[in-house]
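Participant: First, the structure itself, so that you have it in front of you.
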Amino acid sequence: MRTSSKLVVVDEQGRILLLDCTDPGAPGTVWAELPGGGIEPGEDAVQAAVREVLEETGLEVPAAAVGPLLWTQTAGFTWRRERHEARHEARVARLSAPPVLRSALLTDAEQGTILGLRWWTPEELAAAPGRFFPRNLPALLPRLLAGERVDEPYDDWDRL
């Protein structure tokens with residue numbers, strides 16, 4: 001089972017960075033998710049999250065800005081018409097300087113999946129319709145920003 005390390009990136013204004021995503025194998029599907037991805041051999045979870053955020057968004061997050069593990073969940077999902085199961089974890093990263101976004105370095109697999117990114121205020125996220133990953137992100141966000149550890153039960157993300 002693959003482990004995915006994600007970041008709740010918070011800028012100086014308290015906004016949260018999310019990716020706008022779609023599944024090329026299921027046209028019309030859209031959601032917003034935390035940036036991050038798989039841990040490669042020889043990496044720890046923080047190194048993987050920092051690398052993945054840079055690749056997906058062009059934002060360089062200092063490892064020193066990344067806090068402790070706050071969220072875990074195992075989830076099942078279908079992506080590009082294949083069933084997957086992964087362990088997901090997230091940490092909060094608070095930026096102390098205005099974010100500088102460079103060009104993203106998307107992998108071949110990410111091309112056509114990541115449509116863009118957006119900075120959200122917690123209020124916008126709480127009021128937003130639509131789908132998020134993690135599914136409960138709007139409700140979880142205040143707890144994560146307060147430093148609370150949340151270990152969620154298994155989620156079959158294909159279940160609406």
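Participant: Which one is nearest to the chain's Cα centre (by Cα) among residues in segment 14-24 that are farther than 23 Å from Tyr154 by Cα and not in a strand (DSSP E or B)?
Facilitator: Arg15
Participant: Here's a follow-up. Could you tell me which of the residues Asp11, Asp44 is touching a Leu at 6+ places or on another chain (Cβ under 8 Å) and more than 30 Å from Arg159 (Cβ to Cβ)?
Facilitator: The conditions single out Asp11.
Participant: So, Ala75, is that one assigned to a helix (DSSP H, G or I) and under 19 Å from Asp151 (Cβ atoms) or not?
Facilitator: The answer is no for Ala75.
Participant: If you check Ala139 against the conditions, is it over 22 Å from Gly38 (Cβ atoms) and exposed (fewer than 11 other Cβ atoms within 10 Å of the Cβ)? Give the derivation first.
Facilitator: Values: over 22 Å from Gly38 (Cβ atoms): yes; exposed (fewer than 11 other Cβ atoms within 10 Å of the Cβ): no.
Spelling it out, it is not the case that Ala139 is over 22 Å from Gly38 (Cβ atoms) and exposed (fewer than 11 other Cβ atoms within 10 Å of the Cβ).
Participant: Leu115 is checked against (1) within 27 Å of Glu12 (Cβ to Cβ); (2) part of a strand (DSSP E or B); (3) more than 16 Å from the chain's Cα centre (by Cα); (4) not β-branched (Val, Ile, Thr) and fails just one. What number does that condition carry?
Facilitator: Exception for Leu115: condition (3).
Participant: Next question, about the same structure. Considering only residues of segment 26-39 that are outside any strand (DSSP E or B) and modelled with pLDDT under 95, which is nearest to the chain's Cα centre (by Cα)?
Facilitator: Step one: list which residues in segment 26-39 are outside any strand (DSSP E or B), which gives 26-30, 34-35, 39.
Restricting the remaining residues to those that are modelled with pLDDT under 95 gives 26-30.
Working: Ala26: 20, Pro27: 21, Gly28: 20, Thr29: 17, Val30: 14 Å.
Only one residue tops the list, namely Val30.
Participant: Applying the selection to segment 75-107, what residues are closer than 13 Å to Thr3 by Cα and either in contact with a Gly (Cβ under 6 Å, 6 or more places away or on another chain) or crowded, with 16+ Cβ neighbours inside 10 Å (or both)?
Facilitator: Ala75, Glu85, Ala86, His88, Glu89, Ala90
The values are calculated or read from the model by the stated rules, or taken from the named source; none is laboratory data. For clarity, every value in this text was computed on a predicted model and none was experimentally measured. A quick note on method: Cβ atoms are made from the backbone with ideal geometry, for glycine too, and the neighbour counts reach across all protein chains shown.
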